[in-house]
Amino acid sequence: MRDTEFNKSRVVRYLLWTFGLAYLIQFGAAYVYHNTKSLIWQLIVAGVMFVPMFGVLLAGGKLRGMGWRLQIKKNWRQILFAWLAPAVLTALGAGLYFLVFPGHFDLSGGYMAAGAGQEVLAQMEAQGITYPIYVLITAASTLTYAPLINAFFALGEETGWRGFLYPQLKARFGQKTGRLLGGVIWGAWHWPLIWLIGYEYGAATGNRAGYFGAPVVGMLLFCVITVGMGILHDWLYEKSGSIWVPSLLHGAINAAGTIPLAVCLTDTGSARLLGPAPMGLLAGLPMLIAAAAVFFRKSKT
């Protein structure tokens, strides 16, 4: 990993490009979400993940030197953690949530029906795939190939956040403060989606009932979660020196996070702020504890 000296003008340009383009695209995704019945908005959201990579280039930064070799032999421990830890931490968090809210556990397929339509659920069952079997298949993909596929999309974000912005912030403010600031910025980058379509806590995740303090509480809570996740991503990047490792972690989190929602009732109201996905405060506790352990550990240097 390259050494980085803080460049204020480049960081400002990066933030302007990255936020400007992403917010514009997210407003477009919200328009599609509210005015069509298609799932094209999800493709638009997936595409916006590459904006931070372009932000680096538009700001005059370089992608070279971010660690493009995976170095499996050297980084096998970090790779395994990135691949499997999100599934374990998400399962622990979901288990904690359903212990508190056992009545929210649901295998009827309501979440799929709310997002894709009842006809999709009916078509799947007509092919002999029951909803519980579908959940098991999806869970198996989370432990196998899904993190790898998602990593290619996550790479667009990781080159911008962990590859460029975090090193800049740490060079200026120190490791701890830089990681905290980076996490807040990362979370705020998602705010239009949380505000306009209920991303993570509202309608877009099957919770049309809304939640307390929407959308501001959801926007602030998401920043708490991204601070924790950002610490883990940056720690793995520092440990491995490869941008692919935090990308794999990012992809694994995105894959694992859908499973608890798939087995939870829709329209759970303010309980969605607590879980069952790791973006909730209760279900996110295992990941936040892991991040705290990294954040407060004593440096060996």
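Which numbered condition trips up Lys300, out of (1) charged (D, E, K, R); (2) at pLDDT 95 or above; (3) outside any helix (DSSP H, G or I)? Failed condition: (2). List, please: which pairs have Cβ atoms under 7 Å, are six or more places apart or on different chains, and start with a residue in the range 224-235 that is over 15 Å from Ala85 (Cβ atoms) and end with one that is open to solvent by 10 Å² or more (accessible area, probe 1.4 Å) and outside any helix (DSSP H, G or I)? Going by the 7 Å Cβ cut-off, the qualifying pairs are Ile225/Met279.
Just for the range 158-188: of the residues that are surrounded by 24 or more Cβ atoms within 10 Å (Cβ to Cβ) and either acidic (Asp, Glu) or touching a Ser or Thr at 6+ places or on another chain (Cβ under 7 Å) (or both), which one is nearest to Ala291 (Cα to Cα)? Among those that are surrounded by 24 or more Cβ atoms within 10 Å (Cβ to Cβ) and either acidic (Asp, Glu) or touching a Ser or Thr at 6+ places or on another chain (Cβ under 7 Å) (or both), it is Gly183. Within the range 116-130, residues that are closer than 22 Å to Ala204 by Cβ sit with their Cβ atoms under 6 Å from residues that are open to solvent by less than 100 Å² (accessible area, probe 1.4 Å) and in a helix (DSSP H, G or I), at 6+ positions apart or across chains, in these pairs: Leu121/Met112; Leu121/Ala113.
Applying a threshold of 9 Å to beta carbon distances and a minimum spacing of six or more residues, or different chains, the list of pairs starting in the range 272-301 at a residue that is free of Cβ contacts under 8 Å to residues at least 40 places away in the same chain and ending at one that is in a helix (DSSP H, G or I) and of a type in the set (Lys, Arg) reads Phe296/Lys176. All of (1) touching a Leu at 6+ places or on another chain (Cβ under 6 Å); (2) within 27 Å of Asp234 (Cβ to Cβ); (3) without any contact (Cβ under 8 Å) to a residue 24 or more places away in the chain hold for Arg77 with one exception: (1).
Here is a list: Pro278, Pro260. Which entry is under 15 Å from Asp106 (Cα atoms) and either part of a helix (DSSP H, G or I) or not β-branched (Val, Ile, Thr) (or both)?
Working: Pro278 fails: under 15 Å from Asp106 (Cα atoms).
Checking each option against the conditions leaves just Pro260.
Sort out which residues of the range 236-263 are within 20 Å of Leu63 (Cα to Cα), aliphatic (A, V, I, L, M) and open to solvent by less than 10 Å² (accessible area, probe 1.4 Å), and write them in order of number. Passing the criteria: Leu236, Ile243, Val245, Leu249. Applying the criterion of at least 3 residues that are modelled with pLDDT of 95 or more and surrounded by 17 or more Cβ atoms within 10 Å (Cβ to Cβ) to the helices (runs of 4 or more DSSP H) found wholly in the range 60-135 leaves 72-100. Scanning the range 219-245 for residues being in a helix (DSSP H, G or I), farther than 16 Å from Ile185 by Cβ and touching an Asp or Glu at 6+ places or on another chain (Cβ under 7 Å) gives a total of 0.
Per-residue answers, yes or no, for (1) assigned to a helix (DSSP H, G or I); (2) surrounded by fewer than 15 Cβ atoms within 10 Å (Cβ to Cβ); (3) more than 21 Å from the chain's Cα centre (by Cα):
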| position | (1), (2), (3) |
| --- | --- |
| Phe6 | no, yes, yes |
| Gly20 | yes, yes, no |
| Ile25 | yes, no, no |
| Ala29 | yes, no, no |
| Tyr33 | yes, no, no |
| Lys37 | no, yes, yes |
| Leu43 | yes, yes, no |
| Ala46 | yes, yes, no |
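Selection of first residues in the range 182-205 that are without any contact (Cβ under 8 Å) to a residue 40 or more places away in the chain and of second residues that are among the acidic types (Asp, Glu) and assigned to a helix (DSSP H, G or I), restricted to Cβ pairs under 6 Å at least 6 apart or on distinct chains, gives an empty result.
On the stretch given as the range 281-297, residues that are modelled with pLDDT of 95 or more, open to solvent by 20 Å² or more (accessible area, probe 1.4 Å) and not in a helix (DSSP H, G or I) total 3.
The values are calculated or read from the model by the stated rules, or taken from the named source; none is laboratory data. Remember, it's a predicted structure, so these values are computed and weren't measured experimentally. Note: ideal-geometry Cβ built from the backbone for every residue, glycine included; neighbour counts use all protein chains shown. Accessible surface is based on the protein model in full, side chains and every heavy atom, while ligands, DNA and RNA are left aside. Shrake-Rupley method; radii C 1.70, N 1.55, O 1.52, S 1.80 Å.
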